[in-house]
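The values are calculated or read from the model by the stated rules, or taken from the named source; none is laboratory data. Computed from a predicted structure; not experimentally measured. Neighbour counts are summed over all protein chains in view; Cβ atoms, including those assigned to glycine, are modelled from backbone coordinates with ideal geometry.
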Amino acid sequence: MKKHLARLYTFLIFFFLYAPILVLIIFSFNSSKSTAAWSGFSLRWYSELFRDKSIMKALYYTLLCAVLSSGIATVFGTITAYGIHHMRRRPQKILLTINNIPLLNPDIVTGISLMALFSALAVLRFKLGFTTMLIAHIAFNVPYVILSVLPKLSQMPDDTINAAMDLGATPFYAFRKVVLPEIKPGIITGAIMAFTMSIDDFVISYFTAGVGVTNLSIQIYTMARRGIKPSINALSTLMFVAVLILLLLVNKYSDEKEQLMS
Amino acid sequence: MKKYSAFPYVIWTFLFILLPLLLIGYYSLTVKNSQTGELVFSLANYVNLFNPLYLKVFLNSVYLAGIATVICLILGYPMAMIISKMKHSQTVLLLFILPMWMNFLLRTYAWMAILGKNGFINQLLSLFHVQMELLYNNNAVLLGMVYNFLPFMVLPIYTVLVKMDKSLIEAAYDLGCTPWRTFRKVIFPLSLPGVISGVTMVFMPAVSTFVISDLLGGGQSVLIGNLVQEQFMKVNNWSFGSAISVILMLLILMFMTLLHRIDRKYEGGTK
């Protein structure tokens, strides 16, 4: 009895979570504009999606921004984490507290405060656009990278670096050959986190991108406000499938790795 | 290399974390002189907030976010417990958070397509000649919040439950505790850290959202986030928008201090 109840509950919650997505997917293949009445199978909205220049441009900006911001944030964050790890306790605590601000502040406050900064810097010919959006993304990505690299650094015994240096390695060589392999899992986690945060971000981009530049989230927001458009359904289906494939690949990769390890 | 490698980030945090917030604080304490366009010191923005119109918005935001948090807790706690006891709990958890990987805007938009006037539910209802206004009210906003933030509640609770020392629960049973009493006296208090981070992770985005209320609430349900967005993007009154943001930050700070207190009080079991 109790077990059946648990099953039923799980089913209901999963239904609640997946029903909206399923509706979007099913009606992306609808031949009419309706998202409620089925009038036949068609790929019309998919071809319309790919012909939509504004969506394609938004997709380009989204991917470019995600790749650049997560890449830069990963390198920057890793180097910083290494420095923070070796700091004295007090300044370390202060810097980590400041590092936490973007994580704890509501997105909207981070967004408007950066917008205010960029506008105040307008005197220096700093206009809202792709660069400002990129800087904003780096700014909210670095804290995540730092927080995922730091624990790996603390797990590592300091003696190994000292041993490498005693044996004549330069600090940079020791970092590359001794530290980097140890903290690699943390770096990868940080990079993946930064990438997904950047792809999914709406609020901060909305305030920092300016007029000419849009990413997918901003595009969907403006389209949804104007009313339902079936090509968004097609877009969501494609994005969902992409995420699903990505997750399966990651899962398979980690499974294989586990098998190799054992 | 060790010594200086955090140094660039110190400058970066000053430029892109501290300075922007200082700027917001500065704007909130100034108003634009209508003749010269200069910013002059004034507390007018904060006084303006006591206008009943804005107080109502604040109350509405806290009320909706609070209800959404409670619903998420009631729905999420049993879910986390059920998943933690499953055989393939890792896979089920992955399936649970999978919808979260879909764009936040799309997930909210999906509900527009379902609840709308010509939406899925109303088409079904029209078979019985019934029409309902489902979209553009507080309930739709509430639904959007619960839908989007439920995983934020389940994840931390799940993590705590999985790590919990099972022998404590067995001990309670051995000593004659009923299941309900075991839950109340052992499991729930031990899972409190998870509950608290879940509550924070739901309440914070819910109280500051403007997307959900914008898309699902129409113009009907204005929240703090909508006010801020309006002041910055439409009305162009950055000073007032900044003052609202400062209050929003204070609100969240107060909320987190309160939760921290509760966490402290219960640390190490109940009394």
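The residue that is farthest from the other protein chains (Cβ to nearest Cβ), counting only those in segment B:22-52 that are under 31 Å from the mean Cα position of the chain (by Cα) and exposed (fewer than 10 other Cβ atoms within 10 Å of the Cβ), is B:PRO52. In the set B:ILE97, B:ILE196, only one residue is surrounded by 18 or more Cβ atoms within 10 Å (Cβ to Cβ) and among the aliphatic types (A, V, I, L, M); that residue is B:ILE196. Taking each residue of segment A:91-118 that is touching a residue at least 60 places away in the same chain (Cβ under 8 Å) and looking for partners that are surrounded by fewer than 18 Cβ atoms within 10 Å (Cβ to Cβ) and outside any helix (DSSP H, G or I) with beta-carbon atoms closer than 6 Å, six or more apart or interchain, yields A:PHE118/A:PHE126. Exactly one residue among A:ILE98, A:ILE112, A:ILE138 is within 12 Å of chain B (Cβ to nearest Cβ) and either more than 27 Å from B:VAL211 (Cβ to Cβ) or hydroxyl-bearing (Ser, Thr, Tyr) (or both), and that residue is A:ILE98. Mind listing whichever residues of segment B:230-247 are within 19 Å of B:LEU64 (Cβ to Cβ) and surrounded by 23 or more Cβ atoms within 10 Å (Cβ to Cβ)? Selection gives B:ILE244, B:SER245.
Of everything listed in (1) buried (at least 18 other Cβ atoms within 10 Å of the Cβ); (2) within 12 Å of chain A (Cβ to nearest Cβ); (3) assigned to a helix (DSSP H, G or I); (4) not acidic (Asp, Glu), the single unmet condition for B:ALA140 is (2). Counting only helices (runs of 4 or more DSSP H) wholly contained in segment B:167-241, the ones carrying 3 or more residues that are within 11 Å of chain A (Cβ to nearest Cβ) occupy B:188-208, B:211-216, B:224-229. Look at (1) touching a residue at least 60 places away in the same chain (Cβ under 8 Å); (2) within 11 Å of chain B (Cβ to nearest Cβ) and you find that A:SER198 fails only one, number (2). Elements of the type helices (runs of 4 or more DSSP H) sitting completely within segment A:36-122 and holding at least 2 residues that are surrounded by 15 or more Cβ atoms within 10 Å (Cβ to Cβ) and at pLDDT 90 or above: these cover A:53-85, A:89-104, A:107-120. Could you list, in sequence order, the residues of segment A:30-59 that are without any contact (Cβ under 8 Å) to a residue 60 or more places away in the chain and either under 24 Å from B:ILE121 (Cβ atoms) or of a type in the set (S, T, N, Q) (or both)? If the condition is that a residue be without any contact (Cβ under 8 Å) to a residue 60 or more places away in the chain and either under 24 Å from B:ILE121 (Cβ atoms) or of a type in the set (S, T, N, Q) (or both), then A:SER31, A:SER32, A:SER34, A:ALA36, A:ALA37, A:TRP38, A:SER39, A:GLY40, A:PHE41, A:SER42, A:SER47 are the ones that fit. Applying the set (1) surrounded by fewer than 23 Cβ atoms within 10 Å (Cβ to Cβ); (2) in contact (Cβ under 8 Å) with a residue 12 or more places away in the chain; (3) closer than 30 Å to A:TYR18 by Cβ to B:VAL186 leaves exactly one unmet item: (3).
Each residue in segment B:100-117 was checked for being among the aliphatic types (A, V, I, L, M), crowded, with 23+ Cβ neighbours inside 10 Å and more than 7 Å from every other protein chain (Cβ to nearest Cβ), and 1 pass. Just to be sure before I move on: is B:MET153 surrounded by 22 or more Cβ atoms within 10 Å (Cβ to Cβ), touching a Gly at 6+ places or on another chain (Cβ under 6 Å) and not acidic (Asp, Glu) in the structure I sent? Yes. The lone criterion from (1) under 13 Å from the mean Cα position of the chain (by Cα); (2) under 19 Å from A:ILE112 (Cβ atoms); (3) not hydrophobic (A, V, I, L, M, F, W, C) left unmet by A:GLY190 is number (2). Within segment B:242-254, how many residues turn out to be at the interface with chain A (Cβ under 7 Å from one of its Cβ atoms) and without any contact (Cβ under 8 Å) to a residue 40 or more places away in the chain? Final tally of qualifying residues: 1.
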